[in-house]
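Peer 1: Shown below is the structure under consideration.
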Amino acid sequence: MRKEITELAVKKLETGERITDSHIKGFIVRCLPSGEISFGYQFTNAAGARKWMGIGLHGNVTVKEARDLAKRYAGQVAAHEDPAAELKTEKARGTNTVDHVLDAYLEIHGPEMRGAHAIKLNLAKHVRPVLGSKIIYDVTRGDVMNLVDNIGKKYPRMAAIVHAYLRAAFNFWMLRDEDFKTPIIRGMVKDKTKICNRVLTPDELRDIWRALETIEHVPACFPAYVKVLFLTACRRCEVAHMHTREIDGSKWTIPATRYKTKVDHIVPLIPAIKKLLPKTFGFVFSSDGGKTALDGFGKPKDELDAKIAEIRRREKRPAMPAWTFHDLRRTARTLLAELKVDRDTAERCLGHAIGGIEAHYNHHKYHQEKIEALTKLADHVERMTRSAAARPSPRSRLRVVAG
């Protein structure tokens with residue numbers, strides 16, 4: 001039936017009946033089997049395809065509101081536009097926020113990424129609070145530059161890392177959404193990473209151990225965590241995510257799924273290490289009884305640095321130069337060399353990939369050799385850090401030189 005759609009005409013509709021408006025081509029109202037009255041707009045797009053756009057149910061929208069919307073759609077069709085496509089884009093704009101893109105990226109690629117947990121944490125800390133709610137199509141080059149510049153003021157290295165994460169996520173989305181063009185271009189961030197060669201001195205290791213004995217306002221497991229980090233020569237997240245299911249007696253196997261080389265890495269739990277491990281089930285280093293792994297290392301590290309600074313001020317010694325947790329791994333490897341541990345064993349203690357022809361022919365596990373090497377390291381550290389008296393005071397050093 002073709003006639004003007006009015007409130008009166010709508011009220012008279014019976015189940016299965018419909019009215020096509022006599023003034024606005026394509027504007028339709030129909031009575032559904034449920035008895036509800038539905039408004040819609042039907043048109044043919046430029047490609048010759050018939051399309052239907054629902055406008056809403058009577059009661060949610062009035063006849064006038066439905067007519068105004070149908071008139072708007074008719075105007076778009078007259079201008080050779082596709083209102084259905086535009087509506088789809090408009091809905092996509094409301095859905096496709098930066099948070100949505102990051103969620104999709106992590107869901108698909110997270111399981112295959114090394115350090116996925118750290119990536120999630122860094123995106124949650126640095127990106128989501130700033131850009132998370134922003135529509136992906138509205139993110140500008142300036143938004144990205146402001147983000148990395150602000151991160152770089154406090155964490156220079158992290159600016160480049162976050163930039164790389166964001167670039168990967170945006171490229172991922174650009175492959176799936178032809179309407180999105182990434183605002184990230186080459187040269188936006190210059191990685192200021194320097195060659196890492198910081199090796200901690202005996203004095204610095206002593207100060208770290210002393211500070212760990214009296215540190216406050218950190219998770220209870222944190223002091224043991226730092227010591228195990230050094231004595232195993234492992235990476236930060238590898239130790240932080242240690243789980244009791246990975247421990248078999250005096251052997252800890254870091255599974256390939258969370259190890260850099262994608263190969264299981266076996267760490268002997270020598271007595272000096274084993275006695276430091278908290279008695280728990282689940283994640284070994286945890287603040288909630290093993291349910292979740294230790295994370296958020298920034299504040300505990302700041303507390304540790306503050307305690308070291310306090311010790312040095314009290315003893316009228318210069319401030320300790322900046323250091324990172326990864327310096328512990330490098331220091332451990334250096335000490336293994338100083339302790340005459342052979343290169344093959346030392347490299348396997350660190351879990352480094354062995355390349356070349358040896359990787360094909362030498363399948364020895366070096367377990368006993370690693371036990372002996374890590375025991376040497378632990379004994380050496382014990383001698384160095386046994387007491388504050390092990391480190392001569394500045395005045396006693398002067399006496400030694402004068403003598």
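Nothing in this text is a laboratory measurement; each read-out follows from the coordinates by a stated rule. No experiment lies behind these values; they were computed from the predicted model shown. Cβ coordinates were reconstructed from backbone atoms using ideal geometry, including for glycine residues, and neighbour counts include every protein chain displayed.
Peer 1: Please report Y361, Y105 as a ranked list, fewest other C-beta atoms within 10 angstrom at the top and most at the bottom.
Peer 2: Values: Y361 7, Y105 22.
By the 10 Å Cβ count, ascending: Y361, Y105.
Peer 1: Also, quick follow-up: Before anything else, pin down the relative contact order of the chain: Cα pairs under 8 Å, at least 6 apart, normalised by residue count, whole percent.
Peer 2: Contact order relative to length: 10 percent.
Peer 1: Relative contact order, percent, of region 98-174 when contacts are C-alpha pairs under 8 Å separated by at least 6 residues?
Peer 2: 42 percent.
Peer 1: Calculate the translational D of the chain in whole µm² s⁻¹ from Stokes-Einstein, where the hydrodynamic radius comes from the Kirkwood formula applied to all Cα pairs, the temperature is 37 °C and the viscosity 0.692 mPa s.
Peer 2: This corresponds to a translational diffusion coefficient of 122 µm²/s.
Peer 1: Looking at region 7-92, send over the antiparallel percent of its DSSP beta bridges, to the nearest 5.
Peer 2: 95
Peer 1: Sticking with this one: Taking the number of other C-beta atoms within 10 Å as the exposure measure, put F180, F27 in order starting with the fewest.
Peer 2: F180, F27
Peer 1: Additional query: Past 29 Å, Cα to Cα: identify those pairs from K181/K291; K227/K365; K316/K370; K154/K227; K279/K299; K120/K227, in the order given.
Peer 2: K181/K291; K316/K370
Peer 1: Looking at region 1-84, what % of the alpha carbon pairs are farther apart than 22 Å?
Peer 2: Of the Cα pairs, 21 percent sit more than 22 Å apart.
Peer 1: May I ask you to list the aspartates and glutamates whose Cα is less than 16 Å away from that of K190, ignoring any residue fewer than eight positions away on the same chain?
Peer 2: Partners found: D149.
Peer 1: Continuing with this model, one more query. For labels at D302 and M53 in the simple 7 Å Cα→Cβ model, what's the distance in nm?
Peer 2: The two pseudo-label positions are separated by 5.2 nm.
Peer 1: In whole Å, how far is the Cα centre of region 334-366 from that of region 103-176?
Peer 2: Cα centroid to Cα centroid, the span is 36 Å.
Peer 1: Could you name the lysines in cross-link range of K64, using Cα to Cα under 26 Å and dropping any fewer than eight places away on the same chain?
Peer 2: Cross-link targets: K3, K11, K12, K25, K51, K88, K91.
Peer 1: With an 8 Å Cα cut-off and a minimum separation of 6 or more residues, compute the relative contact order for region 7-92 in percent.
Peer 2: 21
Peer 1: If one takes the longest principal axis of the Cα atoms in the chain, at what angle in degrees, from 0 to 90 and to the nearest 10, does the Cα axis of helix 222-232 lie?
Peer 2: Once rounded, the angle reads 70 degrees.
Peer 1: Excluding S250 itself, calculate the net charge of residues whose Cβ lies under 12 Å from the Cβ of S250, where each Lys or Arg counts +1 and each Asp or Glu counts -1.
Peer 2: Working: positive: K251, K274, K275, K370; negative: D248.
The answer is +3.
Peer 1: Right, here's the next one. Quick one: dipole size for the chain, taken about the Cα centre, charges +1 on Lys/Arg Cβ and -1 on Asp/Glu Cβ, in debye to the nearest 20.
Peer 2: 1420
Peer 1: Under 14 Å from the Cβ of G142, count the other residues' Cβ atoms, weight Lys and Arg +1, Asp and Glu -1, and hand me the total.
Peer 2: Here the charged neighbours net out to -1.
Peer 1: Please enumerate, by chain and number, the aspartates and glutamates with C-alpha under 17 Å from the C-alpha of K340, excluding those fewer than 8 residues away in the same chain.
Peer 2: E369, E372, D379
Peer 1: Something else: What is the Cα convex hull volume of region 48-174 when expressed per residue in Å³? Before the final figure, lay out each step's value.
Peer 2: Working: hull volume 21.6 nm³, N = 127.
About 170 Å³ per residue, rounded to a whole number.
Peer 1: Continuing with this model, one more query. In the P(r) worked out for region 238-334, what percent of Cα pairs fall beyond 21 Å?
Peer 2: 49
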